[in-house]
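Working notes for the structure below.
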Amino acid sequence: MLILNNNYLQMFFLQIVKTTFMKKFTSIKKILVLTLFVGLLGNYAYAQFSLSGEVRPRMEYLHGYSTLTDKDSDPAGFASQRTRVNFNYSNDRIKMGVSMQDVFLWGSQPQLFSTSNTVSLHQAWGQYFLTPSLSLKLGRQELSYDDERIFGASNWDQQGRSHDVALIRYDGMFKLDLGAAFNQNEKHLNGAYYGLNNYKMMQFVWLNTDIVDNLNLSLLFLNNGYQYDYALFENGHNHNKSKNVFNQTFGGRMVLTPGDFNFHASAYYTMGKDMKDRDLSAYYVGLGLDYQMSDNWDLGIGWEHLSGTDQKEMLENPDGYKNRSFNPFYGTSHKFNGFMDYFNTNGNWANSVGLNDIFASVQFTKRNFEFNVTGHAFMTAATVIKDGNVNETNEPYLGTEIDLTLAYRLSKTSNVVLGYSQMFGSETLQSLKGGNKDAFNNWAYVMFTFKPVFLK
């Protein structure tokens, strides 16, 4: 951290805000940002600050990304960019972080424009330490735990993921986080209607501890509350009604690291109600083994099972079937089940027939260079009927995906990553997603990241 006097800091940060964001802010945003920084700086004669930035452009080629394409479909392409400026402050009792970001597609705005409302607040939190080990952290913040299967920052997505949440955090002999959130999209004088497709309320407990040397254990309990909207016919009229529905997820993750091996296992179970007020009973199991063969070579194998809902049951009882499809909720989906995101349970694979994913990887690392090859074999976890006939089923095999990644560190604060993925789909995948399994379904990208640290 750099220690600077108050007057210099005021002048410096005001100039940063002006030159970086002023042209893109509305008057309200200008007032908000200036008030935030001037007020913060004016309260302290001496303070500890860090200032960093990030510019991350990514160019993508798509021909069968996320879903199978048709043979005669033209490929797509675009370039997106994330720009962030991160401010951090700390003293012996307080920490504070603010991250401003702008996410856009190249060419989405005219070359000459006067205003833009794309700048947003990715993080804005304050943390007060009651003791060196016990703190209260409030505000918009990333939640990232364990391997990011249930809670993750979703860093691949240019916008990332953050939550408006209150945390009680203990970091001593063990780690314990207690979190709670209550969402509203506007102020109400009566009632508490929530108009967005997010959780309305959420509470969780996360515990992490080392059992013995080389053995780490995490436990998680998550309670989600959603608003379910429905129509009620009463007194000869339809009335729009809503009620809160809840589901609970509990489980944990174990990591064993004897020598050059890393064995990890996770299991979670979800019960309660889904967002459509259906009964919910779903589970997840994940196993993996990584082996550092040498300083340069790493090998990995693993298996994931996400339970799914039987299509036969859905057709035979469309209004009363139990949802058995596991949802990892707020995890970093792109990290799992192939980089082409065919089986993103937060997107086009939600409430589906589930997934079995058997995968293996080889990684070579030397100096600033890293190369990774990962192969996936995908199968359904529940029955898929054939051509709408409940008496006939499709084979469970969905397809095979190959992911190639090449990364090179240009400097301490910059790198470039190239990726190529190929999906070899099956008839079952075609029946579920459409498109053509025989088309050349592939995806490629190149991404540059620049993350300078201006003050430290």
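Yes/no matrix, rows are residues, columns are (1) at pLDDT below 95; (2) in a loop (DSSP other than H, G, I, E, B); (3) among the basic types (Lys, Arg):
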position: Leu68; (1), (2), (3): no, yes, no
position: Asp72; (1), (2), (3): yes, yes, no
position: Thr83; (1), (2), (3): no, no, no
position: Ser99; (1), (2), (3): no, no, no
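Tell me which residues, restricted to the range 420-452, are free of Cβ contacts under 8 Å to residues at least 60 places away in the same chain and either acidic (Asp, Glu) or outside any strand (DSSP E or B) (or both).
So in the range 420-452, the residues free of Cβ contacts under 8 Å to residues at least 60 places away in the same chain come out as 420, 422, 424, 426-428, 431.
Answer for the range 420-452, where residues must be free of Cβ contacts under 8 Å to residues at least 60 places away in the same chain and either acidic (Asp, Glu) or outside any strand (DSSP E or B) (or both): Ser426, Glu427, Thr428, Ser431.
When the residues of the range 416-454 are filtered to those that are touching a Phe, Trp or Tyr at 6+ places or on another chain (Cβ under 6 Å) and among the hydrophobic types (A, V, I, L, M, F, W, C), which remaining residue is farthest from Glu392 (Cα to Cα)? Show your work before the answer.
Looking only at the range 416-454, we keep the residues that are touching a Phe, Trp or Tyr at 6+ places or on another chain (Cβ under 6 Å), and these are 416, 419, 421, 426, 443-444.
When the remaining residues are screened for being among the hydrophobic types (A, V, I, L, M, F, W, C), the result is 416, 443-444.
On the way: Val416: 48, Trp443: 33, Ala444: 37 Å.
Here the answer is Val416.
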- A careful count of residues in the range 312-349 that are within 17 Å of Trp443 (Cα to Cα), touching a helix residue (DSSP H, G or I) at 6+ places or on another chain (Cβ under 9 Å) and surrounded by fewer than 21 Cβ atoms within 10 Å (Cβ to Cβ) gives 2
- Would you point out which residue out of Thr393, Thr309 is hydroxyl-bearing (Ser, Thr, Tyr), farther than 30 Å from Glu142 by Cβ, surrounded by fewer than 18 Cβ atoms within 10 Å (Cβ to Cβ) and over 20 Å from the mean Cα position of the chain (by Cα)? Thr393
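If you check Asn346 against the conditions, is it part of a loop (DSSP other than H, G, I, E, B) and either free of Cβ contacts under 8 Å to residues at least 12 places away in the same chain or within 25 Å of Leu220 (Cα to Cα) (or both)? Working first, answer last.
Numbers: part of a loop (DSSP other than H, G, I, E, B): yes; either free of Cβ contacts under 8 Å to residues at least 12 places away in the same chain or within 25 Å of Leu220 (Cα to Cα) (or both): yes.
Judged against the criteria, Asn346 is a match.
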- Message: What's the total number of residues in the range 350-362 that are surrounded by fewer than 18 Cβ atoms within 10 Å (Cβ to Cβ) and over 28 Å from Pro318 (Cβ atoms)?
- Response: 3
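In the range 243-274, which residue that is under 17 Å from Phe329 (Cα atoms) and aliphatic (A, V, I, L, M) is nearest to the chain's Cα centre (by Cα)?
If we filter the range 243-274 for residues that are under 17 Å from Phe329 (Cα atoms), which is where we start, we get 245-253, 266-274.
Add one more test, that the residue is aliphatic (A, V, I, L, M), and what stays is 245, 267, 271.
Details: Val245: 23, Ala267: 19, Met271: 22 Å.
The selected residue is Ala267.
Mind telling me which of the residues Met275, Met254, Met202 ends up being at pLDDT 95 or above, crowded, with 18+ Cβ neighbours inside 10 Å and under 29 Å from Asn323 (Cβ atoms)?
Values: Met275 fails: at pLDDT 95 or above; Met254 fails: crowded, with 18+ Cβ neighbours inside 10 Å.
Of Met275, Met254, Met202, the one residue that is at pLDDT 95 or above, crowded, with 18+ Cβ neighbours inside 10 Å and under 29 Å from Asn323 (Cβ atoms) is Met202.
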- For Gly300, all conditions in the list (1) in a strand (DSSP E or B); (2) at pLDDT below 95 hold save one; what is the number of the exception? (2)
- Query: So Trp125 clears everything in (1) touching a strand residue (DSSP E or B) at 6+ places or on another chain (Cβ under 7 Å); (2) within 24 Å of Lys451 (Cα to Cα); (3) surrounded by fewer than 18 Cβ atoms within 10 Å (Cβ to Cβ) except one condition, right? Which one?
  - Reply: (3)
- Query: Which one of these does Ala282 not meet: (1) over 18 Å from Gly375 (Cβ atoms); (2) not in a strand (DSSP E or B)?
  - Reply: (2)
- Note on the structure: If we take the range 141-245, then strands (runs of 3 or more DSSP E) inside it with 2 or more residues that are without any contact (Cβ under 8 Å) to a residue 40 or more places away in the chain and in contact with a Cys (Cβ under 7 Å, 6 or more places away or on another chain) are none
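The values are calculated or read from the model by the stated rules, or taken from the named source; none is laboratory data. What you see is a predicted model, and the numbers here were worked out from it, not measured in a lab. Positions of Cβ are generated from backbone atoms using ideal geometry, with glycine treated the same way; all protein chains shown enter the neighbour counts.
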